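The values are calculated or read from the model by the stated rules, or taken from the named source; none is laboratory data. Treat the numbers as computed from the prediction; the structure is a model and nothing was measured. Cβ atoms come from the backbone with ideal geometry, glycine included; neighbour counts cover every protein chain shown.
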Amino acid sequence: MIRRLAAPLALLAFAAPSWAAPCQFFPGGASNYQVASPPQVVQLANGHFIMGDTFFNRLVEQTEGGTNLTTYGPSVPGHGALNEPAGVAVDPAGHIYVADRQNNRIIKFDSSMAPMMEWATSAGGHPNNLTLSPDGTVLYVAEQLGNRVSMYTTGGAFLGSWGTGGSGPGQFNQPFGIATDVTGNVYVSDYGNNRVEVFSPSGTYVGTVRFSV
């Protein structure tokens, strides 16, 4: 089932599509260009797709048509080895941000995947998925084990965070996916609580949508 949220809280449900895919992206497996446990995929400015492969500690890039291009990792020049690269985000300038989950850090690359800088997230927080504000100036990070969302500038300056462990409004039990809409609202999939929570751009709680399991 694919569910669509009409911003910010109305829920619409759709049956799973039945069409045959014209090509296969990122088939599962251990060989080059195959992936295992991919949490997030983004499209780059050149139309290519890139995603983190947490199991094999690398990033995989393909064209829009599914042609394999290259892999990055597990070693990143000047930054050591990746350890469960998870979420990926790209800003309007083409810079690529990767949540290196087990290393509790964000690595920033240029559009050619040359590493530019890194910064630490909270110890033990396990940064998972990423998203950017509509103007591309604020990076939101869902910290799965930290039960919070942290905000950074695209230069790595910490702007603040929100969330604690629990099941109440504004609390989290392993926040996983994260996205923003055109108005800047932040949507967080609260994995352990089977819901999506909605926040203002600064982290003020707006509401919750629950899903049956």
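Being under 16 Å from the mean Cα position of the chain (by Cα) and outside any loop (DSSP other than H, G, I, E, B) is the filter here, so list the residues in the stretch 113-130 that pass it. Pro127, Asn128, Asn129, Leu130, listed by residue number. Taken as a whole, the stretch 197-209 holds at least one residue that is modelled with pLDDT of 95 or more, under 19 Å from the mean Cα position of the chain (by Cα) and farther than 18 Å from Tyr152 by Cβ. Considering every residue within the stretch 203-212, establish whether at least one is hydroxyl-bearing (Ser, Thr, Tyr), closer than 24 Å to Gly52 by Cβ and surrounded by fewer than 18 Cβ atoms within 10 Å (Cβ to Cβ). Within the stretch 203-212 (the criterion being hydroxyl-bearing (Ser, Thr, Tyr), closer than 24 Å to Gly52 by Cβ and surrounded by fewer than 18 Cβ atoms within 10 Å (Cβ to Cβ)), the answer is no, since none of the residues qualifies. Name the residues in the stretch 177-197 that are over 15 Å from Gly136 (Cα atoms) and surrounded by fewer than 19 Cβ atoms within 10 Å (Cβ to Cβ), would you? Scanning the stretch 177-197 gives Gly177, Tyr191, Gly192, Asn194, Arg195. Quick check: is even one residue across the stretch 83-91 within 21 Å of Thr180 (Cβ to Cβ), of a type outside the set (Val, Ile, Thr), part of a loop (DSSP other than H, G, I, E, B) and at pLDDT 95 or above? Yes.
For the stretch 145-181, residues that are modelled with pLDDT under 95 and hydrophobic (A, V, I, L, M, F, W, C) total 1.
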